[in-house]
Amino acid sequence: MGWCGWKQVCLFLLSTPAVSSRSALLEEQLPPNMHLPTSLFLMPLAAQAVNVLQSNDDGWAEKNLRVFYYSLVDAGFDSIISAPAENQSGRSSLDAPPTEVDDGCEFNSCPPGSPPTGRNESMPRFNAQKGEEELIDPQYVNSYPVTAMKYGINTLSEEFFGGEPDIAVAGPNVGSNLGIITQFSGTVGAAVEAVKQGIPAIAFSGSSGSQTAWNAPLETYMSTYADLSTTLTQAVVNSGTPYLPGDVFLNVNYPEIGDNCRKPSDFKFVLSRVNIAVPFVTPDDVETCGNDGRLPNERDVIGTDGCYASVSVGDANDKTTAGIKAQRVVLGKLQSILSCLPE
C-alpha cells in the first residue's frame with residue numbers, strides 16, 4: 001500500500017489499460033459464479049474518454065472505492081482517485097492544509113511520520129499504465145475529503161488530464177447518506193466542493209457493508225453498488241453537456257443487498273427529494289409518475305419493498321433539495337433509466 005495516515009488523502013492515480021486486462025483483474029476478485037455484466041463493455045462513450053475524478057470519505061484503502069474504479073474503467077472512463085487515506089466520515093465540508101502524518105492510517109496502509117504529500121511504489125498491483133508511456137503510483141495528501149477533491153481538481157487533473165475533470169464522483173459510501181445526514185457527510189461534502197469549482201458531481205451511498213480493506217475478498221454489495229454507480233454516471237454523460245445544471249449535485253442512495261436485490265438488474269432508479277417537504281410551505285417538485293408535483297423523499301424510496309435506489313437533485317449551496325427547474329432538467333436527462341414507485 002501507499003504511505004498514508006490519519007487526516008490524510010491518498011491519491012490513487014490510475015489511467016486506463018486495455019479493457020480485457022482491467023476486466024481480468026476484477027474478475028479474479030469476484031465470488032464464484034459472479035461475472036462482470038456485459039453491459040459495462042457495451043455502453044457507448046465519446047471517441048475521447050471521459051475524465052472522471054473519484055473521491056470518498058471512507059478512505060483510499062476502503063474497497064468500495066477500488067471496485068468502483070474498475071467498474072468505471074471497464075466502461076471506458078479514464079479515472080483517477082483523490083481520497084482520504086483514513087476514514088473521514090462525518091467531516092462534511094471541512095478543509096485544511098495538508099500536514100505531516102502523526103499516526104499510521106486505516107488498514108495499516110502507511111507508517112507514522114509520513115510527509116504531507118508523497119508517493120510510494122510498494123503496491124504494484126494498483127499501478128496502472130498511463131497511456132503507453134509510464135506507470136502511475138498511488139499518492140496521498142494529508143487532509144480532509146473536501147481538500148482531497150480540491151487537490152484532485154486543481155493539481156492532479158491538470159497533471160494527468162491536462163485540465164479539469166469532466167465529472168466528479170464520490171463513494172460509494174459505506175452506509176446511507178439520507179436527508180439531514182447529507183449536511184454532515186464527507187462524501188456529499190466532496191461532491192459539493194466539486195460543484196462549487198464548476199465540475200458536475202454525484203455522491204453515491206449504499207446501505208450494505210462495513211469498512212473493508214482494499215485487499216479483502218470481494219463481496220456482492222461492492223460490485224453491485226459499483227456497477228449501478230457506473231450505470232448512472234454513464235447515463236449522465238450520455239445525456240450530453242452540460243451534464244448537470246449549475247450549482248446542482250446528485251445524491252444517490254442504494255438499499256440493502258438481499259436475496260431479491262443482488263444483481264444490478266434487480267434495481268430501479270427513482271427521482272426523489274433530499275429532505276422531507278413541508279405541506280403548504282415547500283414549493284412544488286417536478287411532475288412525474290403522477291405525483292401531483294411532489295417527489296418522494298429518498299428515505300421512503302430506499303425503504304420501499306423492492307429494489308429502489310433514490311436519485312435526489314441537490315442544491316450545492318445548502319445541500320438540500322434543488323428547485324423544480326433543476327429537477328426538470330435532470331428528469332429529462334435521466335428519463336431512460338428512471339422508474340416509478342409502486343402505487
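The values are calculated or read from the model by the stated rules, or taken from the named source; none is laboratory data. Remember, it's a predicted structure, so these values are computed and weren't measured experimentally. Please note: Cβ atoms are built from the backbone with ideal geometry, for glycine as well, and neighbour counts cover all protein chains shown. We work out accessible area using only protein heavy atoms, side chains counted, and drop any ligands, DNA or RNA first. Shrake-Rupley method; radii C 1.70, N 1.55, O 1.52, S 1.80 Å.
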Quick one: Q234 ticks every box in (1) open to solvent by 10 Å² or more (accessible area, probe 1.4 Å); (2) out of contact with any helix residue (DSSP H, G or I) (no Cβ under 7 Å at 6 or more places or on another chain) bar one, so which box is it? (1)
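Hey, any hits in segment 318-338 for a residue that's in contact with a Lys or Arg (Cβ under 6 Å, 6 or more places away or on another chain) and not β-branched (V, I, T)?
The answer is no, given that none of the residues of segment 318-338 is in contact with a Lys or Arg (Cβ under 6 Å, 6 or more places away or on another chain) and not β-branched (V, I, T).
Select from segment 300-343 the residues that are part of a helix (DSSP H, G or I) and in contact with a helix residue (DSSP H, G or I) (Cβ under 6 Å, 6 or more places away or on another chain) and list them in ascending order. Explain how you work it out, then say what you get.
Taking segment 300-343 first, the residues part of a helix (DSSP H, G or I) are 300-303, 324-337.
Scanning segment 300-343 gives L334, I337.
Can we say D315 is touching a residue at least 12 places away in the same chain (Cβ under 8 Å), over 19 Å from G332 (Cα atoms) and of a type in the set (D, E)? Lay out the reasoning, then the answer.
Working: touching a residue at least 12 places away in the same chain (Cβ under 8 Å): yes; over 19 Å from G332 (Cα atoms): no; of a type in the set (D, E): yes.
No: the conditions fail for D315.
Restricting to segment 157-180, and then to whatever is among the β-branched types (V, I, T) and open to solvent by less than 10 Å² (accessible area, probe 1.4 Å), can you tell me which residue is farthest from A83 (Cα to Cα)? Full working, then the answer.
So in segment 157-180, the residues among the β-branched types (V, I, T) come out as 167, 169, 174, 180.
Next, only the ones that are open to solvent by less than 10 Å² (accessible area, probe 1.4 Å) stay: 167, 169.
Values: I167: 15, V169: 11 Å.
This residue is I167.
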The one condition in (1) at pLDDT 75 or above; (2) more than 19 Å from G206 (Cα to Cα); (3) open to solvent by 10 Å² or more (accessible area, probe 1.4 Å) that V52 fails to fulfil: (3)
Return only the number of the condition from (1) crowded, with 20+ Cβ neighbours inside 10 Å; (2) at pLDDT below 90; (3) over 18 Å from Y243 (Cβ atoms) that P145 does not satisfy. (2)
Condition (residue is hydroxyl-bearing (S, T, Y) and either part of a loop (DSSP other than H, G, I, E, B) or surrounded by 16 or more Cβ atoms within 10 Å (Cβ to Cβ) (or both)) applied to segment 253-263: is it met by at least one residue? yes
Among all residue pairs at least 6 apart or on different chains, which show Cβ distances below 8 Å where the first residue, located in segment 265-290, is part of a loop (DSSP other than H, G, I, E, B) and the second is open to solvent by 70 Å² or more (accessible area, probe 1.4 Å)? N275/I180; A277/R294; D284/R294; D285/R294; V286/R328
Looking only at helices (runs of 4 or more DSSP H) that fall completely inside segment 139-247, which ones have 1 or more residues that are closer than 30 Å to G113 by Cβ, of a type outside the set (A, V, I, L, M) and more than 15 Å from the chain's Cα centre (by Cα)? 145-151, 157-160
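Given the criteria touching a Ser or Thr at 6+ places or on another chain (Cβ under 6 Å), buried (at least 19 other Cβ atoms within 10 Å of the Cβ) and among the small types (G, A, S), does S272 qualify? Before you say what the answer is, go through the steps one by one.
On the way: touching a Ser or Thr at 6+ places or on another chain (Cβ under 6 Å): yes; buried (at least 19 other Cβ atoms within 10 Å of the Cβ): yes; among the small types (G, A, S): yes.
Yes.
Any residue at all in segment 276-297 that is within 24 Å of N173 (Cα to Cα), among the β-branched types (V, I, T) and surrounded by 19 or more Cβ atoms within 10 Å (Cβ to Cβ)? Reasoning before the result, please.
Within segment 276-297, the subset within 24 Å of N173 (Cα to Cα) is 276, 295-297.
Imposing the further condition that a residue be among the β-branched types (V, I, T) reduces the set to 276.
With the extra rule that they be surrounded by 19 or more Cβ atoms within 10 Å (Cβ to Cβ), the set shrinks to none.
The answer is no, given that none of the residues of segment 276-297 is within 24 Å of N173 (Cα to Cα), among the β-branched types (V, I, T) and surrounded by 19 or more Cβ atoms within 10 Å (Cβ to Cβ).
Can you say whether V101 is among the β-branched types (V, I, T), modelled with pLDDT of 80 or more and crowded, with 24+ Cβ neighbours inside 10 Å, as far as the supplied structure shows? Break it down stepwise before answering.
Working: among the β-branched types (V, I, T): yes; modelled with pLDDT of 80 or more: no; crowded, with 24+ Cβ neighbours inside 10 Å: yes.
So V101 does not fit the description; no.
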